[in-house]
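Each value in this text was obtained by applying a stated rule to the coordinates, not by laboratory testing. Keep in mind the model is a prediction, meaning the values are calculated, not measured. Cβ atoms come from the backbone with ideal geometry, glycine included; neighbour counts cover every protein chain shown.
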Amino acid sequence: MLYKKALAPILVLFSLVAVSEAKDWRGVVPLRSTRADVERLLGKPNAPYGRYNIENEEADITYSSERCANGWNVPRDTVIRILVSLSGNRNLSEFRVDPNKFRKESDTHLTGNTYYTNRDQGVTYRVLESGVVLSIYYEPTNEDDSLRCASSTTQPTESTGNPHCPLITVSCSTAVNQEYSCVVNYSGGQRERDQRYGWTVSNGEIIRGQGTHTVKIRSSCAGKPGLVTVQIHKGIPTECPTRASYLVECENH
């Protein structure tokens, strides 16, 4: 009995170490923290566009709008991604990055920008040739892949390996007479203003909005859900994902 009591705290400590591989920003962890957790830790956003500006760090936090609306099977208002822009010329060496544990990639658009990515930790550093860190991306880890939605919303995001890519998702409103309004959402990355959108819907029809960023669709239901998909033909870097989908469920009658 005494042995078991002595072993219990060790096991608890071991479990905490095992889950601490994921990087956090000020206690906020993607897919673990919620909007309520963020506001409990940091208060209400204090910068434009719902961002946080704290000690030379400006954080843009992306939350799930609902389960599988952002590619992850997590509840509404769960943290999906954190983009932290830095000022103050902080060098990569300050973050104790072991180059052997990070994938290094050069930005194909911005000369002199390099990305250091560790998917086990869910973190990417965007670094100048001088070693100064411009921004840090906190995203889900490899262990979180089991939470990806199989049929809804975005493709598995490639923005982890290349933060130049925006995270693209589709979300749809609650049905009214089997009609839905669906819209494209962007988070992070870079995109041009002149996008071109192509929409399709399985098991239904597009009523209006084809070619724009938002459409109204009618689901024929027929006993199974319909998949609303958008393909962005222009305005996204060629190496980035350009397709996202949303699974609309049939109403019960």
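Taking the dipole about the Cα centre of segment 30-73, with the C-beta of Lys and Arg at +1 and of Asp and Glu at -1, give me whichever of Cys68, Ala47, Leu31 is farthest to the positive side.
So the residue furthest toward the plus end is Cys68.
Please list 81-91, 46-56 highest first by mean number of surrounding beta-carbon atoms within 10 Å per residue.
Most protected by this proxy first, the peptides run 81-91, 46-56.
Per q in 0.11, 0.14 1/Å, what log10 I(q)/I(0) does a Debye calculation on the alpha-carbon atoms of segment 21-147 return?
-0.40, -0.64
In what sequence, highest mean first, do 58-64, 129-135 appear when ranked by Cβ atoms within 10 angstrom?
Put in order of decreasing packing, that is 58-64, 129-135.
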